[in-house]
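A.B. asks: Below are the structure tokens for one structure; questions will follow.
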Amino acid sequence: MSTNNGSSWAAANTGIAYGQYFLVYAFATSGSNIFAGGYGWGGNVVYLSTNNGSSWIDVSSGLPAYSGNSIQSLVINNSYIFAGLIDGTVWRRALSGLTGKEEINNNESKIVVYPNPAINDLTIESTLQAEIEILNIQGQTIITMTSSSNKSLINVSDLPSGFYYIKVKTEKGIEVKKFVKE
């Protein structure tokens, strides 16, 4: 990533599980969301960044394994992302739910997360009953719980320092927020 018109570059691959063994063949954008598609040791992968490449999450569920058939292109059209593979097949997936803002109106959800950064406990307030997940930067679920009250307290003291995602699912949809564990 470059912030000075290419005079200098910095790595922007936090969350890409395959590290140096992930070959990026294609990029696509939708609003402020960036998608990177390619191949890693685990097969075809599409990663999503919602924060200008600072971190990435794997959104490639449903893509076929590699078998010599890697992703060559990504295209966004209306509400879908399309992945073109080397053998000429095309895979399609809805964008809804990938960006963490599926069907949610922030005026209705009123989901609040604090303190951020957190040291010991994280408080999540929601006006609706919610299923709550804490995910690490690779998108792996670390903690899962169901909230039956307006305020949930989650002990995060045992988590290593770093960036995490909170996925809150209510009857209105899914919202993802970020937090930092100090």
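Every number in this text was worked out from the coordinates using simple rules, so none of it is lab data. Just so it is clear, the structure is predicted and the values come from calculations on it, not from any experiment. Virtual Cβ from ideal backbone geometry, glycine too; neighbours counted across all protein chains shown.
A.B. asks: Within the P(r) computed for the chain, what percentage of the Cα pairs occupies the region above 25 Å?
C.D. replies: On the way: 6747 of 16471 pairs.
In whole percent, the share of Cα-Cα pairs in the chain beyond 25 Å is 41.
A.B. asks: Kindly provide the Kirkwood hydrodynamic radius of the stretch 106-181 in Å, to one decimal, from all pairs of distinct alpha carbon atoms. If you can, show how the numbers build up before the last one.
C.D. replies: Working: mean 1/r = 0.0813 Å⁻¹.
For the stretch 106-181, inverting the mean 1/r across all distinct Cα pairs yields 12.3 Å.
A.B. asks: I'd like the antiparallel share, as a percent to the nearest 5, of DSSP beta bridges with both residues in the stretch 106-181.
C.D. replies: The answer is about 95 percent antiparallel.
A.B. asks: Moving on. How far, in nm, would the chain grow between residue 92 and residue 79 when pulled straight, counting 0.36 nm per residue and subtracting the alpha carbon separation?
C.D. replies: Numbers: separation 13, 0.36 × 13 = 4.68 nm, distance 1.01 nm.
Contour length minus the Cα-Cα distance gives 3.7 nm.
A.B. asks: Let me have the 222 nm mean residue ellipticity of the chain computed from DSSP H runs of 4+ only, each contributing -39500 (n - 2.57), with the sum over all residues rounded to the nearest 500. Before the final figure, lay out each step's value.
C.D. replies: Working: 1 runs with 4 residues, N = 182.
Here the helix-only value at 222 nm equals -500 deg cm²/dmol.
A.B. asks: Sticking with this structure for a sec: Kindly state, to the nearest 0.05, the FRET efficiency for residue 144 paired with residue 2, given R0 = 41 Å and r defined as their beta-carbon distance.
C.D. replies: On the way: r = 38 Å, r/R0 = 0.93.
Efficiency computed from Cβ-Cβ geometry: 0.60.
A.B. asks: Using 0.36 nm times the number of residues separating residue 125 and residue 29, minus their current alpha carbon distance, what extension gain do you get? Mind dumping the intermediate values first?
C.D. replies: Details: separation 96, 0.36 × 96 = 34.56 nm, distance 3.14 nm.
Length gained, residue 125 through residue 29: 31.4 nm.
A.B. asks: Next up: Would you mind working out the magnitude of the charge dipole of the chain relative to its Cα centre, with +1 at each Lys and Arg C-beta and -1 at each Asp and Glu C-beta, to the nearest 20 Debye?
C.D. replies: Working: 11 positive and 13 negative charges, 45 e Å.
The dipole magnitude comes to about 220 debye.
A.B. asks: Between residue 159 and residue 52, what is the spin-label point distance in nm, taking each point 7 Å from the Cα along the Cα→C-beta axis?
C.D. replies: Going by the 7 Å Cα→Cβ label model, 2.3 nm.
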